[in-house]
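The values are calculated or read from the model by the stated rules, or taken from the named source; none is laboratory data. All figures in this text were calculated on a predicted structure; none of them were measured in a lab. Methodologically, a virtual Cβ is constructed for each residue, glycine included, from the backbone with ideal geometry; neighbour enumeration extends over all protein chains shown.
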Amino acid sequence: MKTEPMKKILVIMGSPRKGNTFRACEDLRELMQQDIPVEFEYLWLKDAHLLPCKGCYICIPRGEEKCPNRDDAPAIEEKMRQADGVIFASPVYGMNVTGQMKTFVDRLSYIFHRPRFFDKKALLLSTAGGIGNREVLGYLDTVAGVWGFEVAGKAGLLIPPGSTIAPFRVTKNQNVLKQAAQDFSAALSRETTKSPGLMKVIIFHAQRAAFSQMEKESPCDYQYWKTQGWLSPDARYYVDVPVNPLYGTIGRIFEWIQVRNIRKDLQGTGKP
Ligand SMILES: Cc1cc2nc3c(=O)[nH]c(=O)nc-3n(C[C@H](O)[C@H](O)[C@H](O)COP(=O)(O)O)c2cc1C
């Protein structure tokens, strides 16, 4: 094992029980410990005081501190800030993440507008009896990616309900977990932030097109973007990393078109 500082991993656990998803995370922990020193902390959403979103939409334009729910949401965000890496773990329930995981995402939805986790790595883990891992991993990929995380590893495991699991499936799950553990450990050991792909650059420009025009409509987003320096014409991405010039050009063209559309939309507000 390399002599590296201990990495703090926060597991956002979407399962309502200590079952397959928990066991898979523990297997992952053991595999990662073969590569780097890690300590896991489990944040069980089932035990957190996290109320469902009321839909008032105050957090997005006016700030998360104005949310009428008084519960663990700010502390959960703080825990993510304190970690080096975050594992988003959910079983597939009804072809999607569990209700606990969805409530967590809903309550922290302001981060889609004001992303902040660019120095953090994420791993996505889901377990299913048959189908739905692709949907859950895809959804969590969008969430973690837009929130700023570098999604470094993914593991979708098939664990049929009942006591028996076919040996070939055990081997397949182990291989998937092993690969995800290696990818996550390697990303955690790397101090640098990766250059963004085309889609991430487009998202940056699409968001800038919207929030630069919404000083009145969404003052909190506007101020956040301004304070981060992201509204400056020199800003090419959320963080100072090399951006492929072609991606930058495509992003700027996209932004220019979007700004025109948004201005038209905003001028039309309130008109019959
Ligand atoms: C309410 C419920 C809904 C489920 N829906 C699906 C599903 O849509 N697709 C699937 O493949 N498995 C489904 N399953 C099976 C679980 O995803 C699977 O057994 C998982 O490993 C359970 O993880 P856990 O032990 O952490 O709860 C469902 C299980 C439950 C309890």
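For the reader, a short list of remarks on this structure follows.
Listed here are the residues, each with its yes/no results for (1) surrounded by fewer than 17 Cβ atoms within 10 Å (Cβ to Cβ); (2) of a type in the set (A, V, I, L, M); (3) within 28 Å of Trp225 (Cβ to Cβ).
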position	(1), (2), (3)
Pro37	yes, no, no
Lys54	yes, no, yes
Pro74	yes, no, yes
Gln100	no, no, no
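- Failed criterion for Lys18 (all others in (1) within 15 Å of the ligand (Cβ to nearest atom); (2) among the basic types (Lys, Arg); (3) surrounded by 17 or more Cβ atoms within 10 Å (Cβ to Cβ) hold): (3)
- Of all residues in segment 130-157 being out of contact with any Ser or Thr (no Cβ under 8 Å at 6 or more places or on another chain) and assigned to a strand (DSSP E or B), the one that is nearest to the ligand (Cβ to nearest atom): Lys154
- Filtering Ile9, Ile76, Ile36, Ile58 for residues that are modelled with pLDDT of 95 or more, more than 16 Å from the ligand (Cβ to nearest atom), of a type in the set (A, V, I, L, M) and over 30 Å from Leu177 (Cβ atoms) leaves a single hit, Ile58.
- Of all residues in segment 221-234, none satisfies the criterion of being farther than 24 Å from Ser109 by Cα and surrounded by 14 or more Cβ atoms within 10 Å (Cβ to Cβ).
- Helices (runs of 4 or more DSSP H) fully within segment 181-272 counting 3 or more residues that are over 30 Å from Arg62 (Cβ atoms), in the same structural domain as Arg29 (by TED's automatic domain parsing) and touching a residue at least 60 places away in the same chain (Cβ under 8 Å): none
- Number of the exception - Thr164 against (1) hydroxyl-bearing (Ser, Thr, Tyr); (2) in a loop (DSSP other than H, G, I, E, B); (3) in the same structural domain as Arg263 (by TED's automatic domain parsing): (3)
- Meets criteria (on the phi > 0 side of the Ramachandran plot and either among the basic types (Lys, Arg) or free of Cβ contacts under 8 Å to residues at least 12 places away in the same chain (or both)) for Tyr93: no
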